[in-house]
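Read the structure below first, then the notes.
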Amino acid sequence: MRLWFLTKANEYHNFGGNGDNVSPALSWGDVPQGTKSFTITAFIPFYFIMVNVDPLLFGAVLSCFTLSSWGAIKIAGPFIARFGVTALLATTCLFMTAALGLFASNEWLSAKGMDYFISGLLALVLLGFGSGTIRPVTLANLDLSANTPDERMRVFARMERDFGLANAFLLAVGAWLLVSRDFTTLMLIFCLIYISVVCISALLYLKNLRSGDHSST
């Protein structure tokens, strides 16, 4: 095993860091015969020390996201039973848009007196709720009663695959925007994209409802 220690020049110039964004020069030799690949691991605690972030505080913030998502899953069923799927979908869209908007406006809110931590924590809680209700909303609109268990598993597997591919695409685009632009621009773009997708989906949903009403009459 070989260790490389990053210098100040390798530190990322954002989110508390003030380095030069210089990629470290990695090299290795004298490898055993037959070696076909290498594994490179980044030790996260070292990153926290560099950018002066408390790992315990970071874990607590992420726990808020997880707990919010878990709570959303727990209340999704009763919420749908009482108010309907459309109401939960509208609430999910509202919370997700509000979370992205908070992320995008954290500098403006900080200038108005709201701490970055408070606005970020609130945004993560809203984002966690929206993430937790996505699957219940999707499954509530699926009628797989006529499908065999194997067919249902294939449907769920395809859903998870497409969800993973969409996340990977968004992460790649987000990483590029974060490096080439800044965090505020990234969140604004994602917020606008999300609002556009929601509006288009709502229009298609209403169109399908109207066509269904016409066919029934």
Exercise for review: Using a 1.4 angstrom probe on the protein heavy atoms only, line up Val31, Val85 by accessible area, largest first.
Suggested key: Val31, Val85
Check your understanding: Largest first, what is the accessible-area ranking of Phe83, Phe163 with a 1.4 Å probe?
Key -> Phe83, Phe163
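Could you sort Ile75, Ile80 by accessible area so the largest value comes first, with the probe set to 1.4 Å?
Numbers: Ile75 80, Ile80 40 Å².
Output order, biggest surface exposure first: Ile75, Ile80.
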Review point. With every protein chain present, what accessible area does Thr185 have (1.4 Å probe, heavy atoms only), rounded to the nearest 10 Å²?
Key: 50
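Excluding Leu188 itself, what net charge comes from residues whose Cβ is under 15 Å from its Cβ, given Lys and Arg +1 and Asp and Glu -1?
Local net charge: -1.
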Exercise for review: Please give the direction-averaged projected area of the C-alpha convex hull for the range 141-185, in square nanometres with one decimal.
Suggested key: 4.1
Point to revise | Ile200 accessible area, assembled protein chains, probe 1.4 Å, Å² | key: 100
Point to revise | Heavy atoms of Met159: accessible area, 1.4 Å probe, square angstrom to 10 | key: 60
Review point. If one puts a single equal scatterer on every Cα of the range 78-175 and applies the Debye formula without solvent, what log₁₀ I(q)/I(0) results at q = 0.12, 0.17 Å⁻¹?
Key: -0.55, -0.92
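The values are calculated or read from the model by the stated rules, or taken from the named source; none is laboratory data. Everything numeric in this text was worked out from a predicted model, so none of it was measured. Note that each Cβ is placed from the backbone with ideal geometry, even for glycine, and that neighbours are counted across all protein chains shown. For accessibility, only protein heavy atoms count, side chains too; no ligands or nucleic acids. Shrake-Rupley method; radii C 1.70, N 1.55, O 1.52, S 1.80 Å.
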